[in-house]
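Structure first, then comments.
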Amino acid sequence: MRRTLIALICALPGLVLAQSAPAPALKALRAQAMPGTEPLIAEVAVNTNTAMPVAAIVRTSADSVALLVAAEASPGVFEIVARSKPFTVPLTSNYGTTIELFRFNSRDRLELSLSARSGCARGSVTHRFAFRQGTWAVTGLDVETLRCSDSGVEPDWAESANYISGKAVRTVFARSGASKSVRSSSARKAFPLSEFPPKGPETAYAELQ
């Protein structure tokens, strides 16, 4: 069963509403969305005196959404400078997928974390983006999974891939609590936001197709 990400945003506490965006930016984002729908605006976790870009997830059709970035081209005028491909978010069991975090960590770094529950356990996937050489790019992918245990839940495995350095670290947790980390080369290199989600072996991207 699949539903669009926007269908979930009304029940997500802690996320900034569309009214927090500058009016010109909101106008540019609404122009890219289905009529009558509101963009989900990314939080800003940094204080700055310079003009910030505005990132949003907008509904583009009845069953898809897109991630957009708008920037101020001239005083009071915002333009869409980056746009992902359409994507959806799958639901697992009756718990489904929700947004844990959608925010700017700095003026040029953005992250989107999705959490999926199934049974007693949970999985979290964080997509990382950055403004590099004049282009918004996908720069990394972090995955964390939990498993059910007699005492509740415990870490199962985690992987962090940095597409800029080309390195990935996978950590597997034994039921005893011990962990083993293995460093390897990432199969991915940084790629434009316009190619997100990409084709490839990663389940985290395949589920968005």
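Summary of computed values
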| read-out | value |
| --- | --- |
| Subset of the stretch 18-45 that is in a strand (DSSP E or B) and of a type in the set (A, V, I, L, M) - its residue that is surrounded by the most Cβ atoms within 10 Å (Cβ to Cβ) | L40 |
| Subset of the stretch 156-168 that is surrounded by 15 or more Cβ atoms within 10 Å (Cβ to Cβ) and without any contact (Cβ under 8 Å) to a residue 24 or more places away in the chain - its residue that is farthest from L141 (Cα to Cα) | W157 |
| Considering residues of the stretch 182-191 that are surrounded by 12 or more Cβ atoms within 10 Å (Cβ to Cβ) and out of contact with any Phe, Trp or Tyr (no Cβ under 7 Å at 6 or more places or on another chain) only, the residue farthest from S165 (Cα to Cα) | F191 |
| E159 farther than 24 Å from V65 by Cβ, within 17 Å of the chain's Cα centre (by Cα) and in a strand (DSSP E or B) | yes |
| Qualifying residue in the stretch 46-55 (condition: surrounded by fewer than 21 Cβ atoms within 10 Å (Cβ to Cβ), under 18 Å from the mean Cα position of the chain (by Cα) and part of a strand (DSSP E or B)) | no |
| Selection from the stretch 175-209 of residues that are closer than 24 Å to T135 by Cα and part of a helix (DSSP H, G or I) | L193, S194, E195, A204, Y205, A206 |
| Matching strands (runs of 3 or more DSSP E) fully within the stretch 96-150 where at least 3 residues are touching a helix residue (DSSP H, G or I) at 6+ places or on another chain (Cβ under 8 Å) and at pLDDT below 90 | 96-106 |
| Whichever residue in the stretch 64-95 is part of a strand (DSSP E or B) and out of contact with any Pro (no Cβ under 9 Å at 6 or more places or on another chain) and, among such residues, is modelled with the lowest pLDDT | P90 |
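Condition check ((1) within 22 Å of F129 (Cα to Cα); (2) modelled with pLDDT under 90; (3) β-branched (V, I, T)) across all residues:
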{"site": "S20", "(1), (2), (3)": "yes, yes, no"}
{"site": "A25", "(1), (2), (3)": "yes, no, no"}
{"site": "G36", "(1), (2), (3)": "no, no, no"}
{"site": "P39", "(1), (2), (3)": "yes, no, no"}
{"site": "V44", "(1), (2), (3)": "yes, no, yes"}
{"site": "A51", "(1), (2), (3)": "yes, yes, no"}
{"site": "I57", "(1), (2), (3)": "yes, no, yes"}
{"site": "A62", "(1), (2), (3)": "no, yes, no"}
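Every residue, every condition in (1) surrounded by fewer than 17 Cβ atoms within 10 Å (Cβ to Cβ); (2) more than 24 Å from V89 (Cβ to Cβ); (3) not basic (K, R), yes or no:
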| residue | (1), (2), (3) |
| --- | --- |
| F129 | no, no, yes |
| R132 | yes, yes, no |
| T135 | yes, yes, yes |
| T139 | no, no, yes |
| S149 | yes, yes, yes |
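The values are calculated or read from the model by the stated rules, or taken from the named source; none is laboratory data. The structure displayed is predicted, hence computed values, not measured ones. All Cβ positions, glycine included, derive from the backbone under ideal geometry; neighbour counts span all protein chains shown.
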